Amino acid sequence: MNDQTSIIQQTLQQMGEVGVLLHRMGAAEGAAGNMSVGFRQAPNFEVLYPLTRAVEMPFKAEEMAGFGFLATGSGCRLRDVLASPTVNVGAFVVNPGGETGTLYTAAEAGFTRLTSEFNTHLAFHRAKLIGENCPVNYLVHAHPPKTTFLSHLERYQDEEYLNRHLLRWEPETLYHFPSGIGIARFRAPGTMRLTDETLRALGKHQFVIWSRHGVVARSSKSLMHGLDMIEYIETAANYEYLNLTMQEESGGISAEEILDYAQSAGIDQTVF
């Protein structure tokens, strides 16, 4: 196995493991959710994906020429990626000029195009791979139930209210999200309006809630790190949900206690 094949297979393995875990937590029902990995220098995808065709870019991005991506296919189940990676994941490379790209698939591919949210994935990877000079970047979108439910309540669509209520249940949550959680107001899935909302929020946060839709986690470390963030916030949302069922009997950890913890732990936070 050469290095190119190893990089691709290791990435597909991690995509598969994350897909199974998201499904188990009820955050990837049916064909819901998607994920992608962006590479500043595209691996040789042809070793696993011999079929190619040109497709239009959702926006012109000449500066992304040569960038490569692995992304789940539209209509594919995240829980199936581990067992059948080339059936459920395709590859994409931006062509010179940035107006088109090459879609790479395997003969057994169970999709005709990549995730319907691919425009958001591309725009996000562009911002991070170029803006932060990352060699590899990761994005996970899922539907964690309690977090998604809270995003249907108007008061939880206010960033300050949301952060102060979700980050009050476990002190470690602030450690993982010192700049808090971002909110993207509801926009039709798959549209550039949702892309613009997401980029605005991801500019300040690693984790963004798509109101009345789901969540997006970004990481320059790994897809597993993105999954970790989803688990942390879903746990916080579960405590908040339980408190709502108890007529908000608890106030959680007080702001004073959280500030004391932040100072003692050396956390440079902007939430409390």
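What follows is calculated from the coordinates using simple rules that are stated; it is not laboratory data. All values reported here derive from a predicted model rather than from experimental measurement. Note that each Cβ is placed from the backbone with ideal geometry, even for glycine, and that neighbours are counted across all protein chains shown.
Per-peptide packing, taken as the mean over residues of other Cβ atoms within 10 Å, places 43-52, 177-186 in the sequence 177-186, 43-52 from highest down. Of the trypsin sites (Lys or Arg not before Pro) found in the stretch 1-66, those in coil by DSSP whose Cβ has at most 15 other Cβ atoms within 10 Å are K60. Measuring between their Cα centroids, the stretch 186-210 and the stretch 87-110 lie 24 Å from each other.
List the relative contact order of the chain as a percent without decimals, with contacts defined as Cα pairs under 8 Å and 6+ residues apart. If you can, show how the numbers build up before the last one.
Numbers: 535 pairs, mean separation 51.3, N = 272.
Answer for the chain is 19 percent.
Between 0 and 90 degrees, the angle of helix 118-131 with respect to the longest Cα principal axis of the chain falls at about 80 degrees. Note: relative contact order over the stretch 1-154, using C-alpha pairs below 8 Å and six or more positions apart, is 30 percent.
The alpha carbons of the chain give a radius of gyration and a Dmax of 19.1, 59 Å, in that order.
Under conditions of 4 °C and 1.567 mPa s, the stretch 1-70 yields 91 µm² s⁻¹ as its translational diffusion coefficient, taking Rh as the Kirkwood radius over Cα pairs in the Stokes-Einstein equation.
Percent of Cα-Cα pairs more than 21 Å apart in the stretch 179-272, please. Before the final figure, lay out the partial values.
On the way: 2039 of 4371 pairs.
Summing the P(r) tail past 21 Å for the stretch 179-272 gives 47 percent.
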